[in-house]
1. Exactly one of (1) crowded, with 18+ Cβ neighbours inside 10 Å; (2) within 16 Å of the ligand (Cβ to nearest atom) is unmet by residue 295. Its number?
2. I need every pair where a residue in the stretch 224-250 that is over 28 Å from residue 314 (Cβ atoms) and away from the ligand (no atom under 16 Å from the Cβ) has its Cβ under 6 Å from the Cβ of a residue that is assigned to a strand (DSSP E or B) and at pLDDT 95 or above, sequence separation at least 6 or different chains.
3. Taking the stretch 204-223, which residues are more than 16 Å from the ligand (Cβ to nearest atom), surrounded by fewer than 24 Cβ atoms within 10 Å (Cβ to Cβ) and within 27 Å of residue 134 (Cβ to Cβ)?
4. Quick one: which of 70, 64, 135 is surrounded by fewer than 17 Cβ atoms within 10 Å (Cβ to Cβ) and either without any contact (Cβ under 8 Å) to a residue 12 or more places away in the chain or assigned by TED's automatic domain parsing to the domain that holds residue 188 (or both)?
5. Does the stretch 38-46 contain at least one residue that is closer than 15 Å to residue 97 by Cβ, modelled with pLDDT of 95 or more and part of a helix (DSSP H, G or I)?
6. Do you know which residues across the stretch 13-35 are closer than 18 Å to residue 295 by Cα and part of a loop (DSSP other than H, G, I, E, B)?
7. How many residues are more than 14 Å from the ligand (Cβ to nearest atom) and surrounded by fewer than 20 Cβ atoms within 10 Å (Cβ to Cβ) when one looks only at the stretch 282-292?
8. Within the stretch 305-354, which residues are closer than 20 Å to residue 284 by Cα, within 16 Å of the ligand (Cβ to nearest atom) and not in a strand (DSSP E or B)?
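The values are calculated or read from the model by the stated rules, or taken from the named source; none is laboratory data. Quick caveat: nothing in here was measured; it's all calculated off a predicted structure. Cβ placement follows ideal geometry from the backbone for every residue including glycine, while neighbour counts extend to all protein chains displayed.
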Ligand SMILES: [Mn+2]
């Protein structure tokens with residue numbers, strides 16, 4: 001199985017010959033298991049899926065190439081036995097997920113076996129998407145696009161941000177999504193200067209900037225998009241800020257291709273915003289990877305050293321936020337194609353005045 005080969009290659013680079021993983025995303029990615037409890041242990045030749053009686057039948061159907069092991073209590077002994085049975089000497093683990101308590105109990109039960117934190121390698125596991133993953137992400141983006149078109153008819157002065165959030169979620173679920181990929185950010189008027197202003201009971205006023213950042217989950221895969229509109233007629237300052245962000249977003253998009261670092265793409269947008277005089281008002285990274293998790297590798301930010309490769313999926317989402325005035329963010333979801341970006345988000349980006 002391709003994914004098992006890939007993880008074994010990653011393990012080699014950190015001197016490990018096995019791994020225990022149970023974060024929901026890595027568990028699903030490596031085993032195919034969609035339930036909520038289960039432990040993946042991969043050795044040089046074997047792979048095991050340990051779960052309790054509630055899930056053994058499901059695991060047997062979903063986890064191809066895995067030995068299904070039913071655990072009783074104490075769980076930790078079943079894990080330790082499997083690690084020993086697979087002759088793992090250097091066991092990688094998810095240091096960004098495993099609790100200290102779990103780490104200590106496992107270590108106690110596998111004495112002599114070295115435990116190696118995945119650290120940065122953790123982000124490498126799911127960083128390149130296969131065709132099926134790309135299809136799921138594209139579908140999740142398509143549902144979000146439909147929801148955006150739908151919501152434009154719904155928005156009018158007097159409607160609360162929370163109502164917009166609820167309507168988006170309802171619409172996306174009605175159209176095949178299993179849920180939001182995160183709590184929608186619906187920020188209007190002065191609230192739009194808060195990059196992560198989740199929906200409140202504030203009602204939309206005429207003349208408000210309205211930032212909507214949302215996405216859904218389809219077959220386990222996330223989408224993420226942002227559009228900012230003006231409810232009513234935009235004033236000159238709103239238009240000016242919007243145009244700068246749009247220019248930064250479009251220019252950065254053109255630089256999303258194999259061989260370029262996340263940092264370089266971020267710089268393209270950041271330079272445009274800084275030169276326009278708003279460098280201090282763009283206080284977050286340009287984008288992030290998206291897949292089974294809403295935020296994953298690679299990062300497009302001043303710290304993004306990872307070189308982009310074909311079939312990574314990232315967001316391009318510059319913004320300008322001015323306290324007391326409001327904010328603008330525009331975000332597309334994009335796959336890194338062989339020669340440039342493949343943009344999943346199809347919603348228009350010209351300023352919409354409702
Ligand atoms: Mn995003």
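1. Of (1) crowded, with 18+ Cβ neighbours inside 10 Å; (2) within 16 Å of the ligand (Cβ to nearest atom), only one is false for residue 295: (1).
2. Hits for this filter: 231/210; 233/353; 234/353.
3. Once the filter is applied, which keeps residues that are more than 16 Å from the ligand (Cβ to nearest atom), surrounded by fewer than 24 Cβ atoms within 10 Å (Cβ to Cβ) and within 27 Å of residue 134 (Cβ to Cβ), the stretch 204-223 yields 219, 220.
4. Values: 70 fails: either without any contact (Cβ under 8 Å) to a residue 12 or more places away in the chain or assigned by TED's automatic domain parsing to the domain that holds residue 188 (or both); 64 fails: either without any contact (Cβ under 8 Å) to a residue 12 or more places away in the chain or assigned by TED's automatic domain parsing to the domain that holds residue 188 (or both).
Just one listed residue meets the conditions, 135.
5. no
6. Across the stretch 13-35, the qualifying residues are 22, 23.
7. The total comes to 1.
8. Those that are closer than 20 Å to residue 284 by Cα, within 16 Å of the ligand (Cβ to nearest atom) and not in a strand (DSSP E or B): 317, 318, 330.
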